[in-house]
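Peer 1: Below is one structure. I have some questions about it.
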Amino acid sequence: MKLSTTIFSTSLLATAAIAAPLTAQRQARHEARKVARANNRESHPPYKSDTKEILHFNESSHESYSSNWAGAVLVGTGYTAVTAEFTVPTPKVPSGGSSRTEYCASAWVGIDGDTCDTAILQTGVDFCVQGSSVSYDAWYEWYPDYAYDFSGISISAGNVIKVTVDATSTTAGTATIENVSTGKTVTHTFTGGVDGDLCEYNAEWIVEDFESNNSLVPFANFGTVTFSGAEATDGGSTVGPSGATIIDIKQNNKVLTSSSITSSSVTVEYV
């Protein structure tokens with residue numbers, strides 16, 4: 001099915017390129033990236049800086065550094081839902097970057113992925129930039145399976161997005177993205193048959209340098225992402241990110257983000 005879809009899309013793009021070659025080229029890149037995402041894009045538990053070794057937090061609020069995660073992680077037991085809203089940023093090519101390279105980052109909420117190493121239930125938005133072309137994808141994932149794009153929702157810079165994950169059991173739940181600005185909501189329901197069981201040990205609000213083809217993608221300058229109304233359900237009670245472990249991205253001995261928390265928000269800034 002994917003092959004036939006690609007052939008059909010290619011023929012349409014060839015026709016469009018006659019009238020608008022730049023638009024067609026951008027669309028072709030976007031379609032190619034969507035195919036790659038379907039096969040290879042995935043979030044991953046936090047790595048220790050510049051390694052492939054998993055970084056495990058404790059219940060301390062001291063800052064930690066990772067190659068791929070920035071934000072806040074609650075560590076405990078009984079986390080069954082996580083939610084927040086954020087305003088979609090306009091990603092930029094980082095200083096010294098190339099206009100030929102695509103740079104990306106992703107903002108998401110999730111359950112597990114650190115002190116539980118068997119699964120992550122998560123949903124969020126990728127934002128990518130190549131030259132002057134910017135694109136966005138809304139996605140859901142039950143790691144260790146790959147991420148899958150939502151259909152039927154469009155996202156633009158400046159939109160307010162609400163992201164929510166809700167585990168009804170350790171093998172079932174929902175991932176929901178609401179574009180508050182447009183009123184459109186999409187939900188994916190996991191009914192079991194997943195590749196790993198949740199532990200319900202972690203709740204997180206994260207900006208990530210995600211992986212494609214087993215490597216971290218070039219990291220975009222995403223400006224600032226603030227997760228407002230940040231809440232988690234813990235044993236039936238609602239809690240905020242206070243007391244969470246703060247984590248920032250550090251690559252090649254350079255700190256790329258600055259994260260902070262309040263009782264109801266998590267802010268991640270590209271530095």
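Peer 1: Listing SER135, SER258 from the residue with the fewest other Cβ atoms within 10 Å to the one with the most, what is the order? Please list the in-between numbers first.
Peer 2: Numbers: SER135 19, SER258 16.
With the fewest neighbours first, SER135, SER258 line up as SER258, SER135.
Peer 1: Give me the number: length gained by fully extending THR191 to SER264, i.e. 0.36 nm times residue separation minus the C-alpha to C-alpha distance, one decimal in nm. Numbers along the way, then the final one.
Peer 2: Numbers: separation 73, 0.36 × 73 = 26.28 nm, distance 3.04 nm.
Full-extension gain reported as 23.2 nm.
Peer 1: Which of LYS92/LYS250; LYS92/LYS162; LYS48/LYS92; LYS184/LYS254 have a Cα-Cα distance over 27 Å?
Peer 2: Numbers: LYS92/LYS250 19 Å; LYS92/LYS162 23 Å; LYS48/LYS92 25 Å; LYS184/LYS254 39 Å.
Long pairs (Cα-Cα over 27 Å): LYS184/LYS254.
Peer 1: Sticking with this structure for a sec: Extension gain SER133-SER181, at 0.36 nm per residue separation less the Cα-Cα distance, in nm? Don't jump to the answer; show the numbers that get you there.
Peer 2: Details: separation 48, 0.36 × 48 = 17.28 nm, distance 2.20 nm.
Roughly 15.1 nm would be gained on extension.
Peer 1: Here's a follow-up. Just rank ARG41, ARG100, fewest to most, by other beta-carbon atoms within 10 angstrom.
Peer 2: On the way: ARG41 24, ARG100 8.
Ranked by crowding around the Cβ, least crowded first: ARG100, ARG41.
Peer 1: Sort the following peptides by mean Cβ neighbour count (other Cβ atoms within 10 Å, averaged over residues), highest first: 187-198, 116-127.
Peer 2: Values: 187-198: 14.6, 116-127: 24.0.
Descending mean neighbour count gives 116-127, 187-198.
Peer 1: Going by C-beta contacts inside 10 Å, put GLU208, GLU200, GLU178 in order with the fewest on the left.
Peer 2: Numbers: GLU208 28, GLU200 23, GLU178 19.
Fewest to most other Cβ atoms nearby, the residues stand as GLU178, GLU200, GLU208.
Peer 1: Whole angstrom only: what separates the Cα centroid of the stretch 92-141 from the Cα centroid of the stretch 163-235?
Peer 2: 12
Laboratory data are not the source of any read-out in this text; all were calculated from the coordinates shown. It should be emphasised that the depicted structure is a prediction, and the values quoted were computed from it without experimental measurement. Glycine gets a Cβ as well: all are built from the backbone with ideal geometry, and neighbour counts include every protein chain shown.
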